[in-house]
Structure formats: C-alpha cells, structure tokens
Amino acid sequence: MNYQLAREEMVDVQIARRGIRDERVLEAFRTVPRHLFVPARDRDHAYADSPLPIGKGQTISQPYIVAYMTDLLNLQGDEIILEIGTGSGYQAAILGGLAAEVHTIERHDKLARAAQKRLSKLGYENIHVHQGDGTLGLLEFAPYAAVMVTAAAPAVPRPLLEQLQDGGKLIMPVGERFGQVMELWQRRGEEFTSKKLAPVAFVPLLGRHGWDTPRL
C-alpha cells in the first residue's frame, strides 16, 4: 500500500473538503504517519474515514475528528499543551508538530509505554507521555495554553479548567456514555465560558473526575 498517497487523499478528501483550512494543521496531517499508530493488522485501514481499535478498549479517532479538535485550538507554535488520553500517540504527534511542548496522560500503563516508545522512535522530542489519572490533569507543568481531552465525561473535570492559563482553551466531549456533544471552553481570569459544538461519540473518560473506574 502507498501510505503517502493514502495520507494525501485522507487530507484532501476527509479533512480539507470538510472545512479545515489552516495550512499548518493540514501539513501536520500530511506529515504524521498514521499507519504507524495503529496495530499492524489494521495498517491498510489506517487512513480510512473511521476510528480504529488500538487495544484496552481504546480507539484512535477518525482523522476528521482529530483535525476538527486540533483546528479549534488555533495553535500558533509556542504553546504548552496538555492532552488527556494518549492512546497510541497519534493525536499527541499532531499536536507536537503544532505546539512547542505536549504533555499527554494515559491511564493504561501498557498503552503509555508503547506510545512513548513509538513517539521517541519517530523523533518527537517535545512530547512527554505520563501514566496516571488524566482527570486530575498535570499540575507540575501547568498552566497550559490548551487542554485536549480525547475521551468523554459527564462534565468537564474542574482540575483541567483550573490548569488553563488565562485565555487558554479546553476542548472535550461531554455527555452520556454513548453519546456526547463536543464542548469548547475558554478561561478569562477566574471565569470560564463555553459553547456546545457537534454531536460525537467517544470512549468514556475514567478517573476521579470522570466515570467511575471499573473494579477489578
């Protein structure tokens, strides 16, 4: 399979034609080898217009959704970003090409270790993978210019809002387990504004400020 050709077609047909115009965002999607972020058995489907399973009940999101969430952050290149839900590391790689530094948190230790190894091998030195409860954020490196949450919760975790810098944005799906609405939040001093965007369906965000973690 010609992955470069498939990637170009993905950008042209799935992303640009649906309204994403920021050339920096489009170039990031042309550059990151999405097929290396999915299981080997699914590589021929890596550039399809759909999410794919990556193990541990997690998925790599549909390319357009990744682009949609990224575009709404309006990144300029000098930001420190927090991502919640590393998964395979694909979204982090996209953000890493658009911002100065990315900290990303993954609950599953095996996925976190695999993502860090993959990102390091591909040369993403500005992306740092952490294992833990993403609903708590990562106070050590706060404040953040943007927070992206790639799993859904009943409400936006308060710690994530509090770790935004003034003017910073947070994007995440909010709602029930099997259907949510994408929400975009922004901090103005001690106040937070929000707006509801498109209906979506994401895996649940587990943790202290998300859905309950299943008992073993």
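Throughout, read-outs are computed from the coordinates displayed, never taken from laboratory work. Note that this is a predicted model, so its numbers are computed, not measured. Neighbour counts are summed over all protein chains in view; Cβ atoms, including those assigned to glycine, are modelled from backbone coordinates with ideal geometry.
Structure data summary
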{"item": "Relative compactness, the range 96-151, computed as alpha-carbon Rg over 2.2 N^0.38 Å", "result": "1.10"}
{"item": "Angle in degrees between helix 63-72 and the longest Cα principal axis of the chain, rounded to the nearest 10", "result": "40 degrees"}
{"item": "Dipole of the chain [Lys/Arg +1, Asp/Glu -1 at C-beta], most positive-end residue of 147, 4, 54", "result": "54"}
{"item": "Calculated FRET value between residue 22 and residue 155, using beta carbons and R₀ = 35 Å, to 0.05", "result": "0.75"}
{"item": "Cα gyration tensor shape for the range 89-216, rounded if a/c is under 1.5, else prolate or oblate", "result": "oblate"}
{"item": "Interchain or long-range residues, amide H under 5 Å from residue 131's placed H", "result": "106"}
{"item": "Residues with amide H under 5 Å from that of residue 164, placed H, sequence gap 5 or more", "result": "144"}
{"item": "Hits among lysines - C-alpha to C-alpha of residue 195 under 18 Å, sequence gap 8 or more where chains match", "result": "169"}
{"item": "Integer Hz, Karplus 6.51/-1.76/1.60 couplings in order for the range 12-25, x for Gly and Pro", "result": "5, 8, 8, 10, 4, 5, 9, x, 7, 10, 5, 5, 5, 5"}
{"item": "In degrees, nearest ten, helix 109-121 long axis to first principal axis of the chain (Cα)", "result": "50 degrees"}
{"item": "For the range 3-200, share of DSSP beta bridges that run antiparallel, in % to the nearest 5", "result": "50 percent"}
{"item": "Protection proxy ranking, peptides 157-164, 108-115, average beta carbon neighbours within 10 Å, highest first", "result": "157-164, 108-115"}
{"item": "Residue order, fewest to most surrounding Cβ atoms within 10 angstrom, among 44, 212, 71", "result": "212, 44, 71"}
{"item": "³J(HN,Hα) computed for each position of the range 133-141 - Karplus, 6.51 cos²θ - 1.76 cosθ + 1.60, integer Hz, glycine/proline x", "result": "7, x, 5, 8, x, 8, 4, 4, 10"}
{"item": "Most to least packed among 80-90, 16-26 [average Cβ atoms within 10 Å]", "result": "80-90, 16-26"}
{"item": "Residue order, fewest to most surrounding Cβ atoms within 10 angstrom, among 66, 147, 156", "result": "156, 66, 147"}
